[in-house]
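Notes follow the structure.
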Amino acid sequence: MAKEKVTTTFGPTIIAWREAKEIGLRRFADLVGMSPTYLSKVERGDFPPPGEEKIKAIAKALEKDADEVLALANRVASDLSEIIQRTPREMATFLRAANGLTPKELERLTRQAERRRGRGNEPSRTILGAGVHRVRS
């Protein structure tokens with residue numbers, strides 16, 4: 001029975017980024033602390049994307065945002081997962097409310113939350129909900 005390929009754009013995207021930077025497979029494997037054989041199989045889709053720390057190393061070597069590369073691998077950073085687990089209902093409500101906002105609107109909302117947190121206040125569901133309403137208005 002033939003081994004099934006992993007269906008993701010992770011591998012091909014990593015190859016494209018790596019080749020755009022003119023980094024060979026062996027050198028790239030050294031940079032990210034993986035064996036060239038394993039990395040090649042990940043890039044070809046024979047193996048699923050590696051764990052979070054290796055993905056972060058890949059992002060750093062390619063000068064890409066770690067959260068974006070994690071998302072490409074269908075993963076979320078562990079610190080975000082912990083935040084969601086601490087307040088699952090509130091975070092789910094917030095993410096659903098923020099869904100569909102433009103990047104500019106999300107940046108504005110992020111700055112508002114950072115200002116609130118800077119004053120020693122944790123952003124609450126009400127504050128974030130009001131921020132989403134204000135941004136959309």
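Structure values in brief
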| item | result |
| --- | --- |
| Cβ-based net charge around A66, under 13 Å, with every Lys or Arg adding one and every Asp or Glu removing one | -2 |
| Segment 10-78 - charge dipole about Cα centre, Lys and Arg +1 at Cβ, Asp and Glu -1, debye rounded to 20 | 180 |
| Per-peptide average of other Cβ atoms within 10 Å, ordering 60-71, 39-50 highest first | 39-50, 60-71 |
| Within straight-line cross-link reach of K21, aspartates and glutamates at Cα separation under 14 Å, skipping those fewer than 8 residues along the same chain | E63 |
| Cross-link partners of K60 among aspartates and glutamates (Cα-Cα below 18 Å; sequence separation of 8 or more within a chain) | E19, E22, D30, E43, E52, E68, D79 |
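Every number here is computed from the coordinates shown, using simple stated rules; none is lab data. Owing to the predicted nature of the structure, the values given are computational and were not obtained by experimental measurement. Neighbour counts run over all protein chains shown; Cβ positions are idealised from the backbone, glycine included.
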